[in-house]
Amino acid sequence: MNLTLRIWRQRSPEDKGSMVTYRVEDVSPEMSFLEMLDVLNEDLILRGEEPVAFDHDCREGICGACGMVINGQAHGPERTTTCQLHMRHFSDGDTIDIEPWRASAFPVVKDLVVDRSAFDRVIQAGGYITAPTGSAPDAHATAVPKAAADYAFEHAECIGCGACVAACPNGSAMLFTSAKINHLNVLPQGAPERESRVLDMVSAMDEEGFGGCTNTGECTLACPKGIPLQSIADMNREFLRASTKRGR
Ligand code: FES
């Protein structure tokens, strides 16, 4: 199929940026979205033009590095990562708008690449445990209730791609932050930092300039791993519990 792409081009963080139109031809429906961009970039390089910068690593829906707004939707029309989106979801003759994540806490580095290090700083504030877990057999010595294990796994699926922030009209990172807090707070190994974790990570999230949650639910709809909206309510409950306990 032949497509028209309107892509956000921005040379540097200081550059104003604009949408630039390109044509790509003979795109296979079996290609991934990133492979389609590879084809465009090969063509641009052959023509002596600057290729489009975009982030990616695993291309298997695991690392969370890829991510762009496609036709106004974070990661495009499917509930998956951009690298796992395939061109069969588009039609011959389509015009596709491609933009970087739009959020003040995720400044554009170049073209479709944004700086998501704000997420790293939220994790650094409390997304860890200090309990020695030892080797795998030792870890089994601490019994974890099945319901808690399932809950922890569900929330640990978050790959930190940032689609929740990009989809939210407030640029809120509460779905990401709640997933990272909840998956540790529910486990016995995460109990020693249960209060400090939620207080410090929420504080870091606010300091990074993410917006607040107004329950629009766009975050959970855009999340490629299906982190539920309930996660935010659970984090708020943890925050209230910790604040009361610490007298804050
Ligand atoms: S490149 Fe790793 S999730 Fe897409």
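The values are calculated or read from the model by the stated rules, or taken from the named source; none is laboratory data. Since the model is a prediction, treat every value here as computed from it, not as a measurement. Glycine also receives a Cβ, built like all others from the backbone with ideal geometry; neighbour counts cover every protein chain displayed. With ligands, DNA and RNA removed, areas are computed over all heavy atoms of the protein, side chains included. Shrake-Rupley method; radii C 1.70, N 1.55, O 1.52, S 1.80 Å.
Numbers for the structure displayed
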quantity	calculated
Within straight-line cross-link reach of K110, lysines at Cα separation under 16 Å, skipping those fewer than 8 residues along the same chain	K16
Degrees separating the helix 174-185 axis from the principal Cα axis of the chain, which is the longest one	40 degrees
Length-normalised contact order for region 117-246 - Cα pairs under 8 Å, 6+ apart - percent	34 percent
Solvent-accessible area, 1.4 Å probe, carbon plus sulfur percent, for the chain	50 percent
Aspartates and glutamates whose Cα lies under 20 Å from that of K245, excluding same-chain neighbours fewer than 8 positions away	E193, E195, D200, D234
Ellipticity estimate at 222 nm from DSSP helix runs (n ≥ 4, -39,500 (n - 2.57)) divided over the chain, nearest 500	-10500 deg cm²/dmol
Qualifying lysines (Cα of each under 22 Å from Cα of K146; at least 8 residues distant if same chain)	K180, K225
Rough spin-label spacing in nm, given labels placed 7 Å along Cα→Cβ, for E157 and D120	2.7 nm
Two-decimal Rg/Rh across region 34-92, once Rg and the Kirkwood Rh are taken from alpha-carbon atoms	0.99
Residues in region 134-171 reached by a label modelled at C63 [backbone nitrogen below 18 Å; 7 Å Cα→Cβ]	158-163
Distance between modelled label sites at A131 and V109, nm, 7 Å Cα→Cβ extension	3.5 nm
Volume of the Cα convex hull of region 117-246, divided per residue and given in Å³	108 Å³
Pairs of alpha carbons in the chain whose separation is greater than 29 Å (percent)	36 percent
On Cα atoms only, tilt of 146-156 relative to the major axis of the chain in degrees	40 degrees
Cα centroid separation - region 44-77 against region 127-157, whole Å	34 Å
